[in-house]
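Step one of this worksheet: look at the structure below.
The values are calculated or read from the model by the stated rules, or taken from the named source; none is laboratory data. These figures come from a predicted structure and were not determined experimentally. For neighbour counting, all protein chains shown are included, and Cβ atoms are generated from backbone atoms with ideal geometry for every residue, glycine included.
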Amino acid sequence: MKKAVNDQMAKRFAQRIDALRTNIAKVYGLMWGQCTTGLQAEIKSEDDYNSKASAYDTLWLLETVKKKSSGVATRGNKYLNMLNVLTHFFRDTIQGMDESEDAWYRRFKAECDTVEVADLGYLFYNQVASGHNGANVNPSANEIAAEIEACKAMFFLQFSNMQRYPDLMPFLRNSKMVNNDQYPKTLVGVYELLLQYRNDSNYSRRGNRNGKLGLPVLVLRLPGVRY
């Protein structure tokens, strides 16, 4: 009786494995069919294409498509490829003078995706800077994700065209000096700040009846001085 039960369980397990393999092949075929002829030719030129294709490795196919679509080189000298990605990110990822906040936000996120697709995602996570380098420190996945997001937010802010927001960075730096750090910790936070500050700046340039600026006034009080 026990042997019959075990045989039945083994049979069901084998059937599930066969179904899984069939589904994986279908998913791979579906993804492959969505690629253009030119993209398929580029993928076929990869050194490990034959082994990956015969195994219906959908994750490999997805990563390769991402790299090809983002312009990340997958052949040639790997260090030169890495340097090209980093050079482009730090040199060319700058908000245009007439680029809207919406377009800039989408483009910056795409540039970050390119860095991560190129296996350079560690650029956004530094254990020392985040305080995660202690012997007994074991950060959670959420804590690491928060540090990565905060780093991206700082890049997003620094790469924004400050000619559009001339008083924003001095305000943020001054807030940090008085232990009132108002640097946004998320991409959405930076986006909303830029959008709001642009609107406030436009309102201030037009002038308003109260004569108040859009941003709150930061008052620095020095010790030993009467006000």
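Residues in the stretch 1-27 that are over 30 Å from Leu62 (Cα atoms) and of a type outside the set (D, E, K, R): Met1, Ala4, Val5, Asn6, Gln8, Met9, Ala10. Looking across the stretch 12-42, just one residue is among the acidic types (Asp, Glu) and over 27 Å from the mean Cα position of the chain (by Cα), and that is Asp18. The single residue among Leu86, Leu157 that is within 30 Å of Ala41 (Cβ to Cβ), within 16 Å of the chain's Cα centre (by Cα), surrounded by 11 or more Cβ atoms within 10 Å (Cβ to Cβ) and touching a residue at least 12 places away in the same chain (Cβ under 8 Å) turns out to be Leu86. If only residues of the stretch 118-148 that are in contact with a Lys or Arg (Cβ under 8 Å, 6 or more places away or on another chain) and surrounded by 17 or more Cβ atoms within 10 Å (Cβ to Cβ) are counted, the one that is farthest from Leu187 (Cα to Cα) is Ala118. Applying the set (1) at pLDDT below 90; (2) more than 30 Å from Met31 (Cα to Cα); (3) not in a helix (DSSP H, G or I) to Ile94 leaves exactly one unmet item: (1).
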